[in-house]
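Below is one structure; the comments refer to it alone.
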Amino acid sequence: MSKIVPNLWYTDKAEEAAAFYASLLPNSKVDSVTALPADTPSGPAGSVKVVEFTLMGQPFMAISAGPLDPFNHAVSFMVLCDDQAEIDRLWAALSEGGRTEQCGWLRDRYGLFWQITPTVLGKMMKDPDRARAKHVTEAMLKMTKLDIAMLERAYDGG
């Protein structure tokens, strides 16, 4: 087991969210769901559920324990996509019932923030030719869902 496991606090629906994410991403599954057997500040025995799940090989935990602090932009999950079809599929699924934002960001129906990003973008933005990196950055800043072909055109100076 990983020594660092992100733990997500949901008002409710942690189990539903974990199953949804696992259905979208390869090498993903819900590992277990455990109801806490004692009364807690978040509810009576059995009402608070701890969900252990794996996304793309990374272990996570989630808890359905009532309102506390909502998710925000300070923490997001970046999914690196190898092609536009993968970006399009994840964008459509994760944004349904949520909200899309600039630069490949979205907030899903459960409130969690995601960045759906082409794998190649990191290489382009780190290019030693800072003019090329600037062109691709400027193109990205104008997009909501990222478009690999448009990013490549900007990177190539077009």
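The values are calculated or read from the model by the stated rules, or taken from the named source; none is laboratory data. In this text the structure is predicted, and so the values were computed from the model without any measurement. Heads up, the Cβs are rebuilt from the backbone with ideal geometry, glycines too, and the neighbour counts pull from every protein chain shown. All accessible areas refer to the heavy atoms of the entire protein, side chains included, with ligands and DNA or RNA removed. Shrake-Rupley method; radii C 1.70, N 1.55, O 1.52, S 1.80 Å.
One residue is enough: does the range 118-132 have a residue meeting the conditions open to solvent by less than 20 Å² (accessible area, probe 1.4 Å) and closer than 21 Å to Ser28 by Cβ?
Checked the range 118-132: at least one residue is open to solvent by less than 20 Å² (accessible area, probe 1.4 Å) and closer than 21 Å to Ser28 by Cβ.
This table checks each residue for (1) among the hydrophobic types (A, V, I, L, M, F, W, C); (2) open to solvent by 80 Å² or more (accessible area, probe 1.4 Å).
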| residue | (1), (2) |
| --- | --- |
| Leu8 | yes, no |
| Pro26 | no, no |
| Asp31 | no, no |
| Thr34 | no, no |
| Pro37 | no, yes |
| Thr40 | no, no |
| Gly43 | no, no |
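Mind checking which pairs have a first residue in the range 18-33 that is β-branched (Val, Ile, Thr) and a second that is at pLDDT below 95, Cβ under 8 Å, 6 or more apart or different chains?
Val33/Lys49
Output the number of residues of the range 143-158 satisfying the condition of being free of Cβ contacts under 8 Å to residues at least 40 places away in the same chain, closer than 26 Å to Ser95 by Cα and assigned to a loop (DSSP other than H, G, I, E, B).
Summing the residues that are free of Cβ contacts under 8 Å to residues at least 40 places away in the same chain, closer than 26 Å to Ser95 by Cα and assigned to a loop (DSSP other than H, G, I, E, B) in the range 143-158 gives 0.
Under the condition of being within 10 Å of the chain's Cα centre (by Cα) and surrounded by 17 or more Cβ atoms within 10 Å (Cβ to Cβ), which residue from the range 68-90 is nearest to Tyr10 (Cα to Cα)?
Looking at the filtered set, the residue picked out is Phe77.
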